[in-house]
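Data first, discussion second: the structure below is written as structure tokens.
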Amino acid sequence: MMRVLLIDDEEIALEVLEIMTSNIEGIEIVGKYTNPVLALQELANIQVDVIFIDMEMPGMHGIEFAEKVMERYSNIEVLFVTAHPQFAIEAFEVNASDYLLKPVSMTRLRKAIKKVEERITLYKSREGLSEQTHKVLYARFMSSFALQDYQQNEVKWRTRKVKELFIFLWHNRENPIHKANVVEALWPEMDATKAVTLLHTTVYQLRKAIKDIGVENSITLVNDHYKLSVPLTSDVLELMQIVQTEDMHPLKVERLLELYSGDYLEGDVYPWSIQYQQWIKQAVLLYLEKFITSTESKIDQNALVEKCLEKMLILDMYNETIMHQLMKHYQQLNNTQKIKVLYETITNNLVDELGIKIPREIVDLYNECFSH
């Protein structure tokens, strides 16, 4: 039996929904409330599988209620009931199984119940999946963001804001983030009231998305501060672990170059991530510079030094010192073809884009390379 709880501030609407759901086989009504605050308080004493709840009610909005339910009872499914279809579609951006439009038809109700049954069955089939497989998720942050589930499938996000909220909470994983700071980061230009509503919606959707891949209790809310609690490893964590050590082993350097496929969140462009993006870049440049300095006399490391210099110029394309170092390296290898290509790149970067002259020492070195 599916145990169902009904919440609506209108007595008549509550009675109609009770009659309709009672006529569906396999449904047991375990409670009904006109006060969402009271329902939330008493939820700890009731075994519930599914909650039907109105959206706009005095005391607590349906989305806020759903968010608190997801936080405390992640096994409970919530179905929204609303008389405002435009508001539901625009603000909540959920599929048809997540809300019902008043007046609710029996056909529509049965369809929603069926989808909920399928979701519950799916959750039960995934119980213990994290323990059976990798135990942690994997995320890629360098270049563009992607999250892989326990079966190494890329997680799909319902909206761009759900994805951004996940990244933002992980980005600030060391410290819980106040609601006001989340709103300021994700909806800086929006009216405060609407922004808070969207925050509740997005948190709710994120919790559902993470629950769908087998992670319970993914977001905690304490004293209006959010914190992401998801077992996760990533390319940027591995990269920073290498950078923050003094280990200059060639295999570590090779791995670093592989991991730095692009700047941190380069493909997503979030204003709040730019400072950390630049910090990572500078840390990597410093590490590579130390490696090059430590291997200047080691001929067997020429190929890796070349890779490092080429990566450094990509990361700092207007740096004249790196330009000179790389050209000098090509000269030592007598690779005139790469010298020509590099000089064309320098010309494009400095002369064509910035309108400044190529430094004299680079011009002289270039001429020296072709003087014989």
Angle check, please: helix 192-212 long axis (alpha carbons) against the longest principal axis of the chain (alpha carbons), in degrees 0 to 90, nearest 10.
90
Find the Rg to Rh ratio for the stretch 172-331, where Rh is the Kirkwood radius over alpha-carbon pairs and Rg uses the same atoms.
1.11
Residues with amide H under 5 Å from that of L137, placed H, sequence gap 5 or more
L232, T233
Accessible area, 1.4 Å probe, largest first: how do I358, I219 sort?
I358, I219
Working from Cα positions, state the angle (0 to 90°, nearest 10) between the long axis of helix 106-126 and the longest principal axis of the chain.
50
For the chain, the Cα-Cα pair-distance distribution in 20 Å bins from 0, as whole percents, is 24, 41, 22, 12, 1
Counting only DSSP beta bridges fully inside the chain, the antiparallel percentage to nearest 5 is 35
Quick one: 3J(HN,Hα) in Hz for the stretch 140-148, Karplus 6.51/-1.76/1.60 with θ = phi - 60°, rounded, Gly and Pro as x.
9, 10, 6, 6, 9, 8, 7, 10, 9
Apply the Karplus parameterisation 6.51 cos²θ - 1.76 cosθ + 1.60, with θ equal to phi minus 60°, to every residue of the stretch 263-275 and state each ³J(HN,Hα) to the nearest whole Hz, in sequence, with x for glycine and proline.
5, 4, 6, 4, x, 10, 6, 9, x, 6, 9, 5, 4
Taking θ = phi - 60°, what integer Hz values does the Karplus form 6.51 cos²θ - 1.76 cosθ + 1.60 yield along the stretch 74-84, in sequence order, with x for Gly and Pro?
5, 7, 8, 8, 10, 10, 7, 10, 8, 9, 10
Using a cut-off of 24 Å between alpha-carbon atoms, which lysines can reach K357, once sequence neighbours fewer than 8 places away in the same chain are excluded?
K311, K328, K338, K340
C308, C369, ranked by accessible area, largest first (probe 1.4 Å):
C369, C308
Counting only residues 5 or more places away or on other chains, whose amide H sits under 5 Å from the amide H of L79 once H atoms are built in the peptide plane?
I51, F52, I53
Reduced to Cα centres, the span from the stretch 253-319 to the stretch 190-230 in Å works out to 35
Mind pulling the angle between the C-alpha long axis of helix 302-315 and the longest principal axis of the chain? Nearest 10 degrees, somewhere in 0 to 90.
60
Run down the aspartates and glutamates and flag those whose C-alpha is under 17 Å from the C-alpha of K194, throwing out any fewer than 8 positions away in its chain.
E56, E64, E67, E90, E93, E184
Check: the stretch 247-308 dipole with +1 on Lys, Arg Cβ and -1 on Asp, Glu Cβ, in debye
140
Give me the percent of the accessible area of the chain that comes from carbon and sulfur atoms, probe 1.4 Å, all protein chains in place.
50
Note to self, the chain gives a 222 nm [θ] from helices alone (DSSP H runs n ≥ 4, -39500 (n - 2.57) apiece, / all residues, nearest 500) of -15500 deg cm²/dmol
I need the GluC sites (Glu not before Pro) found in the stretch 203-297, filtered to DSSP loop residues with at most 16 other beta carbons within 10 Å of theirs.
E216, E246, E266, E296
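The values are calculated or read from the model by the stated rules, or taken from the named source; none is laboratory data. Quick caveat, the model's predicted, so the values are computed rather than measured. Glycine gets a Cβ as well: all are built from the backbone with ideal geometry, and neighbour counts include every protein chain shown. SASA here: full protein model, heavy atoms, side chains in, ligands and nucleic acids out. Shrake-Rupley method; radii C 1.70, N 1.55, O 1.52, S 1.80 Å.
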